[in-house]
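Have a look at the structure below before the remarks.
The values are calculated or read from the model by the stated rules, or taken from the named source; none is laboratory data. These figures come from a predicted structure and were not determined experimentally. Here Cβ is always computed from backbone atoms with ideal geometry, including for glycine, and neighbour counts include all displayed protein chains. Keep in mind that these areas ignore ligands, DNA and RNA; they rest on the heavy atoms of the full protein, side chains included. Shrake-Rupley method; radii C 1.70, N 1.55, O 1.52, S 1.80 Å.
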Amino acid sequence: MTMNLVARSSARYKAETLRVGFHIDGYFELAKWLWNDDRKVALIPNGNFCVTEDDRKCAVWPAWSKRNSCDKDLSEDNVMFAVRTTKKYHEERVPIIQRTWAKDAKHVIYFSETADAGVPTRVLNVTNVERGFCAKTFALLKEVAGDPVLMAYRWIVMVDDDTLLSVSRLMKMLVCYDSRELVAIGERYGYAVLHHYGYNYLTGGAGVALSNTLVKHIIDNGCSCGADDAPEDMLLGMCYSRLSIQVVNSFLFHQGRPVDYANDYLSHQQSVSFHKFNQIDPVEVYSKWLQVNPARHEEL
């Protein structure tokens, strides 16, 4: 950006009425905002700005794939994967999870409102709703906070029953954080963040990793749902904001499917998660994008 554009954008920002709404894709939203300027400022493509380093003479490229993981170990016994599910998906979605990423996870618990020895499930005393899983999520957190066995896990990874994960990549990420601190990691969205009452939140479908310290802190400080079908990720975001907790954003978590992103965008990543099974083969997606070959060394 030229300094002229920076100055013009700064003046425009100060003069505009700040909108209330969701903030999801910062790159797109900035490009759209610039285009909506009176002068229709457009992005100019330039091949020297590369997504991956290749044979071209790249001036800039991301180095995420070469970043070393933290020099620590995290035992599989320190991580519990909490899958939120419901009766109608016990036979449709849960088997897919069990065929894919759950094989790499030592401790997986399927939380449902219905007892099912075939899964098996851990029953939560809530009524299932079609959307906005606030009651189920907070019941799950209370279950964890009130059970010394579950609180012994350093990390609680909450996912939907149509979330796909790379367990090994997630483990490499978690070793870089201290579970004794108030930590929440995932894909960050925002609501009304330009206003004093706005807040950031971690989108639930992409999966959220919570330190056990944070789980207890959330429950002990009275965070709860306004309604059973309220959006749980936004309610948790409001809770984080009230408790002055800064969420950790990672671009390796994805609320969408791989087909929802540009291939060049994904090509330089070692993705941790994708979400939604509709109109895809989830087993194929897992195999292509998330499954790690033990013989191949990967670094985040």
Next on the checklist: Condition check: crowded, with 19+ Cβ neighbours inside 10 Å, touching a residue at least 40 places away in the same chain (Cβ under 8 Å) and in contact with a Pro (Cβ under 9 Å, 6 or more places away or on another chain). Does PHE274 satisfy that?
Outcome noted: yes
Checklist entry - Of the residues in region 223-271, how many are in a loop (DSSP other than H, G, I, E, B), surrounded by fewer than 14 Cβ atoms within 10 Å (Cβ to Cβ) and among the basic types (Lys, Arg)? => result 0
Item to check | Among (1) surrounded by fewer than 20 Cβ atoms within 10 Å (Cβ to Cβ); (2) hydroxyl-bearing (Ser, Thr, Tyr); (3) touching a residue at least 24 places away in the same chain (Cβ under 8 Å), the one test that TYR197 misses | outcome: (3)
Item to check | Hits in region 179-195 (condition: among the acidic types (Asp, Glu) and at pLDDT below 95) | outcome: none
Checklist outcome for this item: When region 108-119 is checked residue by residue, the ones that are open to solvent by 40 Å² or more (accessible area, probe 1.4 Å) and either over 19 Å from ALA139 (Cα atoms) or touching a residue at least 60 places away in the same chain (Cβ under 8 Å) (or both) are ALA117, GLY118
Next on the checklist: Which pairs turn up if I take residues in region 75-102 that are under 17 Å from MET173 (Cβ atoms) and look for partners that are open to solvent by 50 Å² or more (accessible area, probe 1.4 Å) with beta carbon separation below 6 Å, at least 6 apart in sequence or on another chain?
Outcome noted: GLU76/LYS106; ASN78/ARG154
Checklist entry - For LEU164, which of the numbered conditions (1) out of contact with any helix residue (DSSP H, G or I) (no Cβ under 7 Å at 6 or more places or on another chain); (2) open to solvent by less than 10 Å² (accessible area, probe 1.4 Å); (3) modelled with pLDDT of 95 or more fails to hold? => result (1)
Next on the checklist: Exactly one of these conditions fails for LEU210: (1) closer than 23 Å to ASP77 by Cα; (2) under 16 Å from the mean Cα position of the chain (by Cα); (3) surrounded by fewer than 19 Cβ atoms within 10 Å (Cβ to Cβ). Give me its number.
Outcome noted: (3)
Item to check | Candidate set: region 7-29, residues that are open to solvent by less than 80 Å² (accessible area, probe 1.4 Å) and either touching a His at 6+ places or on another chain (Cβ under 8 Å) or assigned to a loop (DSSP other than H, G, I, E, B) (or both); chosen: the one farthest from ASP233 (Cα to Cα) | outcome: GLU16
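Conditions (1) more than 20 Å from THR137 (Cα to Cα); (2) part of a loop (DSSP other than H, G, I, E, B); (3) open to solvent by 60 Å² or more (accessible area, probe 1.4 Å), marked per residue:
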residue	(1), (2), (3)
TYR177	yes, yes, yes
LEU182	no, yes, yes
ILE185	no, no, no
VAL215	no, no, no
